[in-house]
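The values are calculated or read from the model by the stated rules, or taken from the named source; none is laboratory data. Given the structure is predicted, the values throughout are model-derived calculations rather than measurements. Note that each Cβ is placed from the backbone with ideal geometry, even for glycine, and that neighbours are counted across all protein chains shown.
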Amino acid sequence: MKRFNFVAQKQTHRQMKRHYSYMHVLVAVVLAAAVTACASIGRPQGGPRDEEPPKFVHSNPRPGQLNFQGNRISIVFDENIQLDDAFNKVVVSPVQTQPPAVSSNGKRVSIEMRDTMQPNTTYSIDFGDAIKDLNEGNVLDGFAIDFSTGETIDTLRISGMVLEARTLEPAQGMLVGVHSNLDDSAITTLPFDRIARTNQYGQFTIRNLKPGTYRVFALNDMNRDYKWDRSEDIAFYDFTVSPSIENIEVCDTFLRDDGTDSVVTHGGIKYLPNDVLLTWFNEGYSPQYMKDYSRPERRKVTLNFAAASDTLPVITIADGAHAGRHIDDWAVAQINPTRDSLVYWIRDTAVIATDSLRLSIKYLKTDTAEQLSWQTDTLRFFFREPKSGKKKKGDEEKDSVITDAFGVPQPKDFLNLTVSSGNMDVYAPIVFQADQPVDTFIESAIKLEMQVDTLWERVAVGPLTPDSLNPLMKSSVAVDWVPGAKYRISVDSAAVTGIYGVWNKPVQQNISVRDLSDYSNLVFNISGLVGDSVAVAPAAFVELLGSDDKPVRVAPVVDGRAEFKYLQPSTYFARLYIDANDNGKWDTGFMNDKLQPEEVFYYSKKLQLKKNWDIEQSWDIYEYAVDAQKPEAIKKNKPKTKKGDRTPRRDSDEEEEYDEFGNPIDGNNLYDRNDPNNLSNRRPSGNMNTGSGHRGQPLR
């Protein structure tokens, strides 16, 4: 099936993403057009391989038939067929309370409508890619049939594409529907008027619409009620849509007997709009409740909630000698940033000694009206010491008091302190990790030395900084590293003391700092951020991605540039998002506020970075249509292909490497920072972000 070709128009940066034009190619309702074969695979015997999908022969009712009575539909093809996942792929409009029964036998497909057929209504049955021939599995993609129970049949259509907002992945098999009721509440209270499903390219066509005004949505309808629940994936179009038709001239090419082409022009119909772009998102909503609680250790209790919160629970001891004591009096809280995972380290020895600890926990919980209200639970936290076996010889010595050379008692257990690994990046700090909350950390007990010839010279370190995600147990110090140098770090005994009065043993770690020649540097010159009506470029960030499409580094766009220093040699990809609310992170959409997710753009080529390279690339975020930006190498939702077929590759995915100017590498234009005499390979001076700058056009 031919791909839709979205082409960006020159509008504001918001409108440019929403409006694209593309060729609308769909299988006709009356007759399914034969798909031209891409290749002919020879066989030793039996003739050429069948690569054509089944062809429509006839049906009852006929395509477009009026005044149809009954509830059974029969469709016949020219060869034996099979149905693939008909329950999910076949959709009927208007939506059915009871799903129809769809089956196949030989060349025939049968549909039994279980809902009562509505009078004076146009029905359409869209099979998507559910129909394929029995022997070769050739898919008849986009086949649909329509008929009416009245005197007229509705014929208007709305077409477009659905992508995932965060990753621009084509949404395969997603429900797309329209509402003629334009109230904001319709999406949550009423089923769709008419529906379709996206195909393997994310494309959709909603058929047989009446003239009127509609709102368009895409929905991952998990409970099959054709309405949106807040936990479901959703996409909405910013504007209402009024479908229409446009008379056009169509050119067909025929082959004459003498082998020359003959072009025939005739009238045709274009259904509009055919460029509706929907980007789906999930609000991340989950009803709030307590998922679980435990006491995995005598000195620790944990609480886990189903959703993020900005309010901590109120916890007190419920009974006994300590009844009424707030948890802050006898425990230290370790709280994750979203406050849905809480760990309390018990400090009070009397509370620690209690095997059965009853706590009163007052927390916010989602009620039946989906509102947060306070609820109080009284929960019991048990802990039993594991049974120990018979003491072995020497255990008595372990139980005795240990003292140092001065007779000072030493703990039987020590605080476990770990330091950063031995191979250090030039930009990385030294990280300290403890196995329990830290009470004190004596910074003067940290000693860093650098090897100079055969000597070790003391090096200054920055102040101790608690980790933003785990300040109780993790901290770091910044160091102005000398690339390629060797260091050693040592932490004196008892430099770190935990909340239970135990301290660390001496720690020493050798560190090797990577040399600058081990890295590659990457700069993007970004254009397209300033729209026609926007005076100042919006805030934006570039995410450098690994081969799994996950961010490995993030850099802000400053004066049209995003810079990544000290990158490990590897294969990278890039994604840019518009930080519309200027909070430094990508944000999802919110349906009730009619807030779209923040816009995302992909750099169309992969980047093969090697040691000691400086790479500079120009990136016009509107150079490619939105559905053509993401490289195939990291695209997960790829169209299925028949065995032996080769999926056409976009130019951006050719197995080529590029230099710092976006040009294909031919072995003679590498820029090596260690070769100052190679004048032909030096980066040119001046602004790379000019109209005549290097745009890194894909290879042909």
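A few comments on the model shown:
- In summary, A144 fulfils each of the numbered conditions (1) surrounded by 14 or more Cβ atoms within 10 Å (Cβ to Cβ); (2) without any contact (Cβ under 8 Å) to a residue 40 or more places away in the chain with the single exception of condition (2).
- Scanning region 308-324 for residues that are of a type outside the set (A, V, I, L, M, F, W, C), more than 31 Å from the chain's Cα centre (by Cα) and in a loop (DSSP other than H, G, I, E, B) yields a total of 5.
- Residues being assigned to a loop (DSSP other than H, G, I, E, B) and aliphatic (A, V, I, L, M) - total across region 128-152: 2
- Verdict on G160 being within 27 Å of Q629 (Cα to Cα) and touching a residue at least 24 places away in the same chain (Cβ under 8 Å): yes
- Residues in region 179-215 that are surrounded by 24 or more Cβ atoms within 10 Å (Cβ to Cβ) and of a type in the set (A, V, I, L, M): I195, A196, I206.
- Filter pass, G501 being over 21 Å from G422 (Cα atoms), surrounded by fewer than 17 Cβ atoms within 10 Å (Cβ to Cβ) and not basic (K, R): yes
- For region 540-564, filtering for residues that are surrounded by fewer than 17 Cβ atoms within 10 Å (Cβ to Cβ) and touching a residue at least 40 places away in the same chain (Cβ under 8 Å) leaves 4.
- Sole residue being assigned by TED's automatic domain parsing to the domain that holds Q118, free of Cβ contacts under 8 Å to residues at least 24 places away in the same chain, surrounded by fewer than 19 Cβ atoms within 10 Å (Cβ to Cβ) and outside any strand (DSSP E or B), chosen from Q98, Q69: Q98
- Some residue of region 204-223 being more than 26 Å from I153 (Cα to Cα) and in contact with a helix residue (DSSP H, G or I) (Cβ under 9 Å, 6 or more places away or on another chain): yes
- The residue list S512, S476, S520 contains one member that is modelled with pLDDT of 95 or more, surrounded by fewer than 17 Cβ atoms within 10 Å (Cβ to Cβ) and of a type in the set (G, A, S), which is S512.
- Those residues of region 453-467 which are out of contact with any Ser or Thr (no Cβ under 8 Å at 6 or more places or on another chain) and more than 15 Å from D480 (Cβ to Cβ), in sequence order: D453, T454, L455, W456
- Restricting region 225-260 to residues that are basic (K, R) and touching a residue at least 24 places away in the same chain (Cβ under 8 Å), the residue that is farthest from L182 (Cα to Cα) is R230.
- When each of P471, P463 is tested for being within 40 Å of the chain's Cα centre (by Cα) and more than 28 Å from D515 (Cα to Cα), the lone residue that passes is P471.
- Of the residues making up region 277-297, those that are crowded, with 16+ Cβ neighbours inside 10 Å and either over 35 Å from the mean Cα position of the chain (by Cα) or within 30 Å of Y500 (Cα to Cα) (or both) are M290, Y293, R295.
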